[in-house]
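Here the structure is laid out as structure tokens; the discussion comes afterwards.
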Amino acid sequence: MSNSVLRLKTPTFSHHSIAFSPFFENRIALASGANFGLVGNGRLHIVQIGPGGLQVVKRIACTMLLGMNRMSEYRSESLEIDGRNQVIAACGNGSLRLFDITLEGLPIKAWREHSAEIMSVDWNNIQKDTFATASWDQTVKIWNVDRSQSLFTVPAHPAQIYSAVWSPSVPTVIATCAADGFLKVFDIRDNKAMYAVQASPTDVLGCDWNKYDSRQLATAGKDMSVRLWDLRGTTLQPFGELKGHSLAVRKLQWSPHHRDVLASSSYDMSCRTWSTQQAMPLYVHSEHTEFVMGLAWSLFDEGLLASCAWDEEIHLYRS
């Protein structure tokens, strides 16, 4: 693909989250909602990258679809469904739905325990039948895809929780962030925070682990900053701050290919790629015309980023 931007517009549906397939390099899942996801229908779009550009190859209706961190890497022997074609959707009514995109109709699994919007869902990197959800009901729930109920609940924050993300190397460790401004790290076996730090004077809207150093985290702040944190020692310590966005940073993700590179998206309608070794961004993508709600790195194609926004568009480009 050249350095030009590939675009796809989905009329009447604004976007909240985007993820590349971990199995198929040309497949993307997109979580969308009518009326900016505030009220009305949601939709899961499956997008194919082809010689002619981006094309929607599957549309699945879902109630007020809000979250979806990664497509499934799980294979369920009891269901005999290949995880290559599974995607889990987090809905605005507090429910979860697991879809097989090769099948038509209803989800193959559904759960509902959260009492408010689910803002994120994340598959465990090591125990691939396990996933976590973060909700505005102030809880994080841990699930097994073969169970009809959650395994347990972590009362993580006394505020709306925006994200819960598994450690890339320790299957029982999870990081959370919330409207109370805190970043916390839990070992779910203990059900209490191993680390807790005031990561922002206002809401922390996103967090992610460095894929090459499981002692490093980054946070996305409503205060427009990306902050970098180190778990070495007995407390979380900041080791960097990346400034450049002019409005709240909504989402960030460390590169799967470089230990010092991460990308962020913002309500300022831009995405920025950063190196932890310098203050200025490596690349700025400013072609969206509304809040950029999600972004994702390709696992197969180094430097390839996808972003999605409230302008009803997804963009694919090299950073």
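Listed values, structure above:
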| item | result |
| --- | --- |
| Residue in the range 83-109 that is modelled with the lowest pLDDT, counting only those that are more than 17 Å from Gln149 (Cβ to Cβ), outside any strand (DSSP E or B) and of a type in the set (Gly, Ala, Ser) | Gly83 |
| From Val121, Val170, Val165, residue being in a loop (DSSP other than H, G, I, E, B) and either free of Cβ contacts under 8 Å to residues at least 60 places away in the same chain or closer than 18 Å to Trp209 by Cα (or both) | Val170 |
| Looking only at the range 277-315, and only at residues there that are over 19 Å from the mean Cα position of the chain (by Cα) and of a type in the set (Val, Ile, Thr), the one that is surrounded by the most Cβ atoms within 10 Å (Cβ to Cβ) | Val284 |
| Identity of the residue in the range 255-309, out of contact with any Gly (no Cβ under 8 Å at 6 or more places or on another chain) and of a type in the set (D, E, K, R), that ends up nearest to Gln48 (Cα to Cα) | Asp301 |
| Candidate set: the range 224-253, residues that are surrounded by fewer than 17 Cβ atoms within 10 Å (Cβ to Cβ) and outside any strand (DSSP E or B); chosen: the one nearest to the chain's Cα centre (by Cα) | Leu247 |
| Filter pass, Ala196 being free of Cβ contacts under 8 Å to residues at least 60 places away in the same chain, under 20 Å from Pro171 (Cα atoms), surrounded by 23 or more Cβ atoms within 10 Å (Cβ to Cβ) and of a type outside the set (D, E, K, R) | no |
| Evaluation of Pro256 against (1) within 17 Å of the chain's Cα centre (by Cα); (2) in a strand (DSSP E or B) (one fails), failing number | (2) |
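The values are calculated or read from the model by the stated rules, or taken from the named source; none is laboratory data. A quick note: this is a predicted structure, and the numbers were derived from the prediction, not measured. So basically every Cβ, Gly included, is an ideal-geometry build from the backbone, and we count neighbours across all protein chains shown.
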